Structures are given as structure tokens and as C-alpha cells.
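All of the numbers you see were taken from the coordinates with simple rules; none came from a lab. Given the structure is predicted, the values throughout are model-derived calculations rather than measurements. Cβ atoms come from the backbone with ideal geometry, glycine included; neighbour counts cover every protein chain shown.
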Amino acid sequence: MKFAAITFIFVVASLKVQFTVFAAAQQQLSETPVAKVTAATTKPGAADGTLGPALTGVRRPLYRLRCSDVVEITFTFSPDFNQLLTVQPDGYLPLKGTTQLYVEGLTLPELQAAVREAYRGILHEPEVTVTLKDFDKPYFIAAGEVGRPGKYELRAPTTVTEALAMAGGFSPRAKHSQVVIFRHISEDTLESHVLNVKALLRSRNLKEDVQLHIGDLVFVPQNTISKIRQFLPASSLSLYANPAGF
């Protein structure tokens, strides 16, 4: 009886030690994966990793001046220098009483800083306000195999799929899987990206839909079947379309 009691006490002590070791190990394992999962879920980057810097930039960038834009420049303490100017075809802005500035591609805050610097030698600490009075309406171009190719106003944030809908959708000859977006990064640099709209719509996930910028060209190429069809005689096409003709 005494031996059985000692054995029972030993078994209970062993179970207690094993439970303590198991609890400590389980706590260590439960803490480690949490850090790993957090690091994985917060890792940035596009899904396919193929978009260039221009296509993955700021979704709502500031407007940049173009030729024929009209700006009003007002001086708070020197109203004699107030002026309403148009950006010339060469991109320059002829300022009153000082040298002209090259302003094409500048944002309004950048132009304001440039005007302040240009008049610093004439006026003491000039306080300048620049207002955009008139501008070339933002646009994008839809070309290729769409219902209504042409130039469209970009009045609000618009994605590629929305732009295609505005242009009348795909034509029967369109290649849905290779829609090309052309974008000017600078005067000498053009970036292009191929978007698989077919897979995008099939997945019902529009998070990878590209946001259009001013001046973007959305081009839908012709599919392979329609390319080959133009070289086949009409009689062959009618046989394929109507097997009863054999």
C-alpha cells in the first residue's frame, strides 16, 4: 500500500513537470509565427511585380503646366506686378519686368516658388500667389479594337477597365489579354505595360486595375483569329461557319 502511494506521487510529479515543459514550448511556438506572419502580410509590392515607376506612382498627382495654360500671378504687397499670362508653345512664361521662365511640367507650388525667386532681386521678400485660370482639359486616348476609338476627357480618377467601357468596350476582333497602356514619363521616355483585362475581370478583383494619367494611350490589339481571317477566302470561312455546307 505504501509502495502504491509513492508510485502515485511520482507519476503525478512527472506529469506536472511534463505539462510545464509542454506549456513553455507551446508559448514559444505561438509567439514566433505571429512575428513571421506580420512581416509577410505587411510586405509591400504589386501582385505581379511588373509595373514600372510611372504606373505605380501617386494615384492623384498634382497638375503640371502645359502649353496654352493660363495662369494668374498676384503680388500681395506689389499689385503693379500682377499679371495674367499664357504658357507659350515653347514652354516659357514671359514675366513682367524680369527674365522669362521655363514652366512646362511644373506644378503650381513649383511655379510659385520659381516666380518668387525670379522677383527676389526686384522686390523685397515678395509674397506671390499663382492661380490656374484656364488649361487644356485632361484626356486619355483609346485606340485599336474598341467600339469608339478617340480622345476622351479625364474628368475624374479613371482605371483602364472604366476607360474601355467609355470607349464602347471591346470589338469582336479584340485581344482582351494584351491591352497595352502607353505613358509618357518625360519628353524622351515612354513607358508601356501590358494588362490582361480578361484575367482581371474573370478574377473579379480590380485591385490590380491600372489608374490612368493625363495623356495615357490605351491600345487594344487585334486577336490572332481575325488576323488570319483576312487571308482566307470567303468560301472557306462560310464552310467553317456552317458545317452543313460540306
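For region 80-103 versus region 191-208, the inter-centroid distance based on Cα atoms is 43 Å.
Modelled label positions at residue 134 and residue 120, each set 7 Å beyond Cα in the direction of Cβ, lie 3.3 nm from each other.
Based on C-alpha pairs under 8 angstrom that are at least 6 apart in sequence, region 70-134 has a relative contact order of 40 percent.
Taking a ≥ b ≥ c as the square roots of the eigenvalues of the alpha-carbon gyration tensor, region 139-224 is classed rounded because a/c is under 1.5. Its residues counted as N, region 70-134 yields a C-alpha radius of gyration over 2.2 N^0.38 Å of 1.00.
With Cβ to Cβ distances under 11 Å as the rule, what net charge do the other residues near residue 77 carry (K, R +1; D, E -1)? Could the numbers behind the result be given before it?
Details: positive: none; negative: 80, 125, 127.
Neighbourhood net charge equals -3.
Using Cβ point charges alone (K and R +1, D and E -1), the dipole size of region 70-134 about the Cα centre works out to roughly 100 debye. Taking every alpha-carbon pair under 8 Å whose residues sit at least 6 apart, region 139-224 reaches a relative contact order of 41 percent.
Roughly what percent of Cα-Cα pairs across region 70-194 reach past 24 Å? Please list the in-between numbers first.
Working: 3715 of 7750 pairs.
Looking at region 70-194, the distances longer than 24 Å represent 48 percent of pairs.
Applying 0.36 nm per residue to the separation of residue 207 and residue 225 and subtracting their alpha-carbon distance, the gain on full extension is 3.4 nm. Fully extending the segment from residue 191 to residue 127 would add 19.2 nm, taking 0.36 nm per residue of separation and subtracting the current Cα-Cα distance. Here the residues 188, 69, 209, 134, ranked from fewest to most Cβ neighbours within 10 Å of their Cβ, fall in the order 188, 134, 209, 69.
For the pair residue 77 and residue 184, what calculated FRET efficiency results from E = 1/(1 + (r/R0)^6), where r is the Cβ-Cβ distance and R0 = 45 Å, to the nearest 0.05? It comes to 0.70.
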